[in-house]
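The values are calculated or read from the model by the stated rules, or taken from the named source; none is laboratory data. Everything quoted here is computed from the prediction, not taken from an experiment. Neighbour counts are summed over all protein chains in view; Cβ atoms, including those assigned to glycine, are modelled from backbone coordinates with ideal geometry.
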Amino acid sequence: MKKFIAISLLAACALSARATGLDSLENFVKSARTGRADFTQVVTGPAREGQTARSKTSSGTFEFARPNRFRFDYKKPFEQIIVADGETLWLYDADLKQVTARKQSQVLASTPAALIASAPDLNALRRDFNLEAAGENDGLQWVQATPKAKEGQLLSVKVGFRGDELAALEILDSFGQRSMITFTRMELNAGIAPQQFQFKPPAGADVVRQ
């Protein structure tokens, strides 16, 4: 009996060791119906000849409700709001007093938001992304996601998990710009009011529909 228990424990450990970022992504997509977190985003532009690359840091809060609804509230250094309500993607820039509205179905399929907040399962993600495990780094298990559509600005996304908890996104675009978003205080399947994913343009703001 002791030998059987020991063998069983070793087998369990072996299965655990083989767990990858793809497993974490699949579990996250299946089990996380809603979520909220704080985030910090560092955007680094490509280095120019003779100069070091410059970075800009912003922070705020993130919420999502699967499928197809999410909200980024940028609070520092400038106020900006991005809301997907299931039909329309809204972008509000408080300094410019401008709202941009786009049809959500036309812009979200091959974006980082599809990876973390929109797709109902891993098969849906595989329709738009090539997914592969990218190993462990900085204590996180990573998934490399490359859009199948070649005409967009997004080149690749790496999604980092701590266990089954979303911890980071690393985004590379066609301009050579790299964005690292780290999430803290992640709460999954918390009650989030539907009103959080509704957006009404503020009075006096210019609205541009694309």
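Can you tell me which residue in segment 37-58 is surrounded by the fewest Cβ atoms within 10 Å (Cβ to Cβ), limited to those that are over 18 Å from Gly160 (Cβ atoms) and touching a Phe, Trp or Tyr at 6+ places or on another chain (Cβ under 9 Å)?
Pro46
Has segment 14-28 got any residue that is at pLDDT 75 or above, in contact with a helix residue (DSSP H, G or I) (Cβ under 9 Å, 6 or more places away or on another chain) and more than 18 Å from Asn189 (Cα to Cα)?
The answer is yes; a qualifying residue exists.
Exactly one of (1) in contact with a Ser or Thr (Cβ under 8 Å, 6 or more places away or on another chain); (2) within 17 Å of Val29 (Cβ to Cβ); (3) free of Cβ contacts under 8 Å to residues at least 40 places away in the same chain is unmet by Arg127. Its number?
Looking at each condition in turn, Arg127 falls short on (1).
Which members of segment 146-164 meet the condition of being over 14 Å from Thr111 (Cβ atoms) and at pLDDT below 90?
Lys150, Gly163, Asp164
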